[in-house]
1. Return the pairs, sorted by first residue and then second, in which the second residue is of a type in the set (D, E, K, R) and assigned to a loop (DSSP other than H, G, I, E, B), the first residue lies in the stretch 163-178 and is under 15 Å from K234 (Cα atoms), the beta carbons are less than 7 Å apart, and the residues are 6+ apart or on different chains.
2. Within the stretch 184-198, can you find the residues that are out of contact with any Leu (no Cβ under 9 Å at 6 or more places or on another chain) and either part of a strand (DSSP E or B) or touching a residue at least 60 places away in the same chain (Cβ under 8 Å) (or both)?
3. Which residue pairs have Cβ atoms closer than 8 Å, lie 6 or more positions apart in sequence or on different chains, and pair a first residue in the stretch 94-120 that is farther than 26 Å from N77 by Cα and in contact (Cβ under 8 Å) with a residue 12 or more places away in the chain with a second residue that is surrounded by 11 or more Cβ atoms within 10 Å (Cβ to Cβ) and basic (K, R)?
4. Within the stretch 165-181, is even one residue out of contact with any Pro (no Cβ under 9 Å at 6 or more places or on another chain), under 29 Å from K80 (Cβ atoms) and assigned to a strand (DSSP E or B)?
5. So which residues in the stretch 196-215 are surrounded by fewer than 12 Cβ atoms within 10 Å (Cβ to Cβ) and under 18 Å from S159 (Cβ atoms)?
6. Go through (1) at pLDDT 95 or above; (2) part of a loop (DSSP other than H, G, I, E, B) for T201 and report which single condition fails.
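The values are calculated or read from the model by the stated rules, or taken from the named source; none is laboratory data. Values in this document were obtained by computation on a predicted structure and should not be read as measured data. Note: ideal-geometry Cβ built from the backbone for every residue, glycine included; neighbour counts use all protein chains shown.
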Amino acid sequence: MRRSDLFQKNKLTRTITVFIILLIISLLLIFTVGFKLLMNSSIFVANLFSKNSAQALNKTTDVYGSVSIDNIPTATNSAKFIVSGSVVNYDKLEFFLNDEKVKEVDLKASDNFSEEIGDLVKGSNEVFIKALSSDNKSKKSTNIYTVLFKQEKPKLEISQPNDKEVISQSETLLKGSTDKEVFVKIDDLPVVVDVNGNFQTNLRLKEGDNAILIVALDIAGNSETKTLTVIYQKE
């Protein structure tokens with residue numbers, strides 16, 4: 001064999017040997033260092049999820065239950081009213097009106113409640129509910145709600161036209177005033193009331209007598225009614 005061929009053969013053999021050695025070292029590293037790294041990563045992830053689960057469990061444990069008011073009037077013309085809502089994980093409810101406990105009920109079959117409470121005082125009243133466990137160790141209160149108690153009828157004045165006024169046109173302007181935050185209907189049709197309580201609308205008249213019904217209704221359910229008769233006579 002020629003010397004050059006022998007040299008190339010020896011070079012190829014050394015290259016293959018070095019490659020095999022490097023391959024063996026790489027495999028050893030993968031199965032030692034790499035395996036340990038993989039195990040450490042798995043343990044880290046497992047601990048992370050376990051920590052999050054524990055935190056979630058603690059949050060769930062801290063929240064014993066809930067109580068909420070779903071329906072309560074903002075204003076009423078009655079000294080008593082109905083309040084309803086729902087409760088979870090509590091055994092009894094205490095109802096407070098103007099910082100005074102006015103009613104207590106035990107919860108049995110249902111998580112929903114609907115109770116009548118009172119007596120309201122004239123003007124604004126503060127209402128809230130407190131839920132308690134059977135051993136009184138866990139308590140939770142709702143937000144405080146304001147209920148307006150008002151029994152006075154709203155003001156209702158008609159400045160134009162006058163009752164039994166005779167008009168020669170088929171259309172006339174009705175003008176009046178009421179209290180603020182009052183709804184007004186004329187012949188069952190709503191009219192716009194401005195921030196000062198003033199309102200007006202055009203009325204179409206039929207020939208002869210026209211009975212006009214005006215109703216003012218406040219947020220507490222109090223109403224005032226007036227009826228005008230306008231007479232349309234052609235010239």
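1. Between residues of the stretch 163-178 that are under 15 Å from K234 (Cα atoms) and residues that are of a type in the set (D, E, K, R) and assigned to a loop (DSSP other than H, G, I, E, B), the close pairs are S168/K234; S168/E235.
2. Matches in the stretch 184-198: L189, P190, V193, N198.
3. These pairs meet every condition: D106/K92; L107/K92.
4. No, every residue in the stretch 165-181 fails to be out of contact with any Pro (no Cβ under 9 Å at 6 or more places or on another chain), under 29 Å from K80 (Cβ atoms) and assigned to a strand (DSSP E or B).
5. Matches in the stretch 196-215: N196, N202.
6. (2)
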